[in-house]
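**Q** Please find one structure pasted underneath; my questions will follow.
The values are calculated or read from the model by the stated rules, or taken from the named source; none is laboratory data. Bear in mind that the values here come from a model prediction, so they are computed numbers and not experimental data. These accessible areas exclude ligands, DNA and RNA; they are computed on the full protein's heavy atoms, side chains included. Shrake-Rupley method; radii C 1.70, N 1.55, O 1.52, S 1.80 Å.
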Amino acid sequence: VSHWYFYRNDPERNAGTGINSEGWFFGRPVLIATGRIFRYHLGSLVYGACIMAVATLLRCLFEYIAKQAEDGGNPVARAILWSTRCCLWCAEKCVQFITEYAHVYTAVTGKSFCSAARASFVFFAKYPVQTAMDKMVSAALGYLLCVTVPVGLAVSSFLVVRRDWPACAVFIASLAYVVTRLAAGIYDVCVTTLFVCLMRDCEHYGGRYMSKNLARVCGMARSRESCRDSIELQERSE
């Protein structure tokens, strides 16, 4: 996604990421991205997954200890347990959030995991409102898809299967929910990657790589044109 955003109009470096680009065939962008991950970013993926596993394991161990200690009737100990449980849950969600953006930054900039995580902190500090809006819109669309698609398929299956429809509807809705959840997760990552690319384009390149309509919406039309003029002047001088 990041390669497509920055190089979709460059015939020499687009690597077949656009449908109208030379050498494109169905599945080529996915194959190229997979090869790039295994060649350059596999360590970052393993490192991020290890951090998430450690955070989840700590919370699971505490849940086991808390369940064993809940038999006592001490209200102070119970309050401490619930407070610690809440803190561990928040820590796990924060680690998950930072890890997701760190992986996106690794894909966009090519940095290592730790450098990408540090850049993510800077990104959150610069664009807190935009980041919150990005996650809210992605979550709302994900929940909407996970509700409407399984329910719609379960209801429409009544037209095909009249006999034993409730059991078939439950099976169809469950399977549709799993598939929709996976698709919504991929969509969420794509939206987050485009959001990071857009913010970096606005900050470092003056909106040079965004489309005309998107530049107009973001208020970057003038800076985009000035950036393009300066690049053309530099090329002429060379």
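**Q** At a probe size of 1.4 Å, how large is the accessible area of residue 52, to the nearest 10 Å²?
**A** Accessible surface of residue 52 is approximately 40 Å².
**Q** Here is a further query. For residue 203, what accessible area in Å² do you get when you roll a 1.4 Å probe over the heavy atoms of the protein chains, rounding to the nearest 10?
**A** For residue 203, solvent-accessible area is about 80 Å².
**Q** Oh, and also: Straight-line reach from residue 126: which lysines fall under 30 Å, measuring Cα to Cα and dropping same-chain residues less than 8 apart?
**A** The qualifying lysines are 93, 111, 135, 212.
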